[in-house]
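Right, one structure below, let's go through it.
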Amino acid sequence: MQAANAECVWGTTWGGKGGSRTWEFIIPDGSTLTKIALSSGDALDFIRFTYKDGYGHTHSSEKFGGDGGSPHMIIFDDNEYLIGISGRVGSFGDHTVITSVTFQTNIRTYGEYGTNPGTDFSFGVTRGKFSGFYGKCGSSVDSLGVILQA
């Protein structure tokens, strides 16, 4: 995936240190996030992002995580964009993972996806904009962080 042209800042991740794979998804300059597909049950099982580029072409990331849980689809309106993310970090089996996630846009709130209790996290954009996500995954999303465009 091509990095965005503007300066990006990687924030702190939430979640555990497990997961067999490190991942990142960056929304290229001139593109907009259009969809988030995810699956959840007792934890955030997987997440996948889709964006539309400046030419109107749609691109999707690979799936980050495993195959469990119930599927959910978030489809953004044309003028809709992320302004916040929140959720919980907790135990799933013997791993610390993302146990729930909620996305807030300038129009509505999507979620809560996931059911397990845990320690709350929350992040809202006060300056800049969401430019991507990163973390670690295995059979679920072990950790999740945000990338901001300054």
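Every number here is computed from the coordinates shown, using simple stated rules; none is lab data. Owing to the predicted nature of the structure, the values given are computational and were not obtained by experimental measurement. As a convention, Cβ positions derive from the backbone with ideal geometry for all residues, glycine included, and neighbour counts pool all protein chains shown.
What span do the alpha-carbon atoms of segment 1-87 cover on each of the three principal axes, reported in whole Å from largest to smallest?
37, 26, 22
What does segment 39-124 give for Rg and for Dmax, in Å, if only its C-alpha atoms count?
13.9, 45
Could you give P(r) for segment 102-150, binned at 10 Å from zero, as whole percent values over all Cα-Cα pairs?
For segment 102-150, the binned pair fractions read 18, 53, 27, 2 percent.
Nothing charged except the Cβ atoms of Lys and Arg (+1) and of Asp and Glu (-1): what's the magnitude of the dipole of the chain about its Cα centre? Round to the nearest 20 debye.
On the way: 11 positive and 15 negative charges, 26 e Å.
With Lys and Arg at +1 and Asp and Glu at -1, about 120 debye.
Apply the Debye scattering formula to the chain, with a single equal point scatterer on each alpha-carbon and no solvent, then give log10 I(q)/I(0) at q = 0.09, 0.12, 0.21 Å⁻¹.
Log-scaled intensity ratios, in q order: -0.25, -0.44, -1.43.
In whole Å, how far is the Cα centre of segment 76-105 from that of segment 20-71?
Taking the Cα centre of each part, segment 76-105 and segment 20-71 sit 12 Å apart.
If the cut-off is a Cα-Cα distance under 20 Å, which lysines reach K129, setting aside same-chain residues fewer than 8 apart in sequence?
K35, K52
Tell me the trypsin sites (Lys or Arg not before Pro) within segment 60-150 that lie in a loop according to DSSP and have at most 13 other beta-carbon atoms within 10 Å. Display every interim value, and only then the final one.
On the way: sites: K63, R88, R108, R127, K129, K136; in loops: K63, R108, R127.
Loop-located and lightly packed - R108, R127.
Using unit Cβ charges (K, R positive; D, E negative) and no other charged atoms, how large, in debye to the nearest 20, is the dipole of segment 91-150 about its Cα centre?
Numbers: 4 positive and 4 negative charges, 73 e Å.
For segment 91-150, the charge dipole is close to 360 debye.
Could you give the length gained by full extension between D29 and V125, i.e. 0.36 nm per residue of separation minus their alpha carbon distance, to one decimal place? Spell out each step's value before the answer.
Numbers: separation 96, 0.36 × 96 = 34.56 nm, distance 1.77 nm.
Taking 0.36 nm per residue and subtracting the Cα distance, the gain is 32.8 nm.
Sum up the charges of everything whose Cβ sits under 14 Å from the Cβ of G15, counting Lys and Arg as +1 and Asp and Glu as -1, but leave G15 out.
On the way: positive: K17, R21, R88, K136; negative: D45, D120, D142.
Once all neighbours under 14 Å are counted, the net charge is +1.
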